[in-house]
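Only one structure is covered here, and it is reproduced in the block below.
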């Protein structure tokens, strides 16, 4: 692992970000709009029902943002090299695929920190929702969400390598396929029993269940954390293995240079 | 004194499905040599270059660069190699110096800023340093690509039609600058182009490839004499190219 080259990838995306307004929209504006929408919705529900429900919804959307933003960002940053026809130039350097992917993951990590900060502030100022009420658990929740999102991003990149840049838009659509089964806004128990089994295989379902437990009882479930963490390790290993498998295939088939 | 081989390709073969892209080719490059790699579209030139960069795995054969096996030492080897093709661009939304800075970091170039300034000056694009790549003309972008190609003081440079679609003035200037740096730094270059004048200007040796097979090789003048069966005293690779392409196409 060469940190100079990893840093090069980070700085490359810093330069991109400062020249593209849509990147700022992506990092700051879009999450703010999202939190405003859900904030009002939560407030409305709060008036009708209990404040716990409002906390569940706001907590859910903030934690969901970690997964969705990181999951899509890794793929989208990769797509920027494809769209710019720069990918082959990068791959023709001594950089390894592991270094390249690590750079992309770090870029997403920095961006999600900025996104979260803006969301925390808006939720706290306008809706009196203190995300810090999740306590130290917040960091552990975020860790699990970040790992799963990274696995997801690596999986997305593998798909683009295999099937070409035309399926690039999948990189920002795929996370929404997970949402209904990940217990983001409602508990797993709401789902039909066969879908509950699916939900429990998704690491972030345990994160959202854990979040609701903290907000309801103030108790952090260490069991939910470890379940999510172990599942995450399995998914991370699977996504890296899948990437390595696809890479080997595209190097053999010549598709790597066709992805441009 | 033995040959100081920079690149050695032995019996390289690559098949995509039923299509034989590279058919058992072997060649080598000595230090400071410029090899013109010629052939019609789809002949296997770019596929060979991708194999030399480890971006396509050959089915059979060996590639040794600086005496090391590319498969085993790819990252280490590529520190001293660079590549440019007009087909590929630097990141569209970055300024020229930012692009070069990123690549400088990847290649671990010392005193990056100084090196960037030197190259921008050599290629006469210092005034474009703060321009975005998207705002540059095709010729300016090509010169930016060439700056990137020389950033790490490569010992081996792979140029795949680096100046295609450019006007003769830009090509002429580009060629002069490549020759100047190559002479100073003794860089070994593998150069592909469809512009035969470019190859005549830079290459000391030429390989002609078609349907994945090497069908002729030698110095530009020797190849002209051999293929055109005349007593020419000037190289004429254009006619050689047409002659070899047609013969091969007719035979297939």
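Some observations on this one:
- Here residue A:23 meets the list (1) modelled with pLDDT of 80 or more; (2) surrounded by 16 or more Cβ atoms within 10 Å (Cβ to Cβ); (3) within 14 Å of another protein chain (Cβ to nearest Cβ) almost entirely, failing just condition (1).
- Each residue in region B:79-102 was checked for being in contact with a helix residue (DSSP H, G or I) (Cβ under 6 Å, 6 or more places away or on another chain), under 21 Å from residue B:126 (Cα atoms), more than 7 Å from chain A (Cβ to nearest Cβ) and buried (at least 23 other Cβ atoms within 10 Å of the Cβ), and 3 pass.
Condition check ((1) assigned to a loop (DSSP other than H, G, I, E, B); (2) free of Cβ contacts under 8 Å to residues at least 12 places away in the same chain; (3) within 14 Å of chain A (Cβ to nearest Cβ)) across all residues:
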site: B:113; (1), (2), (3): no, no, yes
site: B:120; (1), (2), (3): no, no, no
site: B:134; (1), (2), (3): no, no, yes
site: B:145; (1), (2), (3): no, no, yes
site: B:170; (1), (2), (3): no, no, no
site: B:173; (1), (2), (3): no, no, no
site: B:178; (1), (2), (3): no, no, no
site: B:183; (1), (2), (3): no, yes, no
site: B:199; (1), (2), (3): no, no, no
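- Of all residues in region A:110-142, those that are loosely packed, with under 15 Cβ neighbours inside 10 Å and not in a helix (DSSP H, G or I) total 4.
- Residue tally, condition within 14 Å of chain B (Cβ to nearest Cβ), surrounded by 13 or more Cβ atoms within 10 Å (Cβ to Cβ) and part of a helix (DSSP H, G or I), over region A:232-257: 11
- Residue match in region B:31-49 (condition: over 20 Å from residue B:223 (Cα atoms), at pLDDT 95 or above, within 13 Å of chain A (Cβ to nearest Cβ) and in contact with a helix residue (DSSP H, G or I) (Cβ under 8 Å, 6 or more places away or on another chain)): no
- Residue match in region A:89-110 (condition: more than 11 Å from chain B (Cβ to nearest Cβ) and without any contact (Cβ under 8 Å) to a residue 24 or more places away in the chain): no
- Sole exception among (1) within 14 Å of chain A (Cβ to nearest Cβ); (2) not in a helix (DSSP H, G or I) for residue B:124, by number: (1)
- Some residue of region B:67-78 being in contact (Cβ under 8 Å) with a residue 12 or more places away in the chain, crowded, with 18+ Cβ neighbours inside 10 Å and under 30 Å from residue A:18 (Cβ atoms): yes
- For residue B:105, the test of being in a helix (DSSP H, G or I), crowded, with 18+ Cβ neighbours inside 10 Å and either more than 7 Å from chain A (Cβ to nearest Cβ) or touching a helix residue (DSSP H, G or I) at 6+ places or on another chain (Cβ under 6 Å) (or both) is passed.
- Against the numbered list (1) surrounded by fewer than 19 Cβ atoms within 10 Å (Cβ to Cβ); (2) in a strand (DSSP E or B), residue B:25 comes up short only at (1).
The values are calculated or read from the model by the stated rules, or taken from the named source; none is laboratory data. Fair warning: this is a prediction, and the values are worked out from it, not measured in the lab. All Cβ positions, glycine included, derive from the backbone under ideal geometry; neighbour counts span all protein chains shown.
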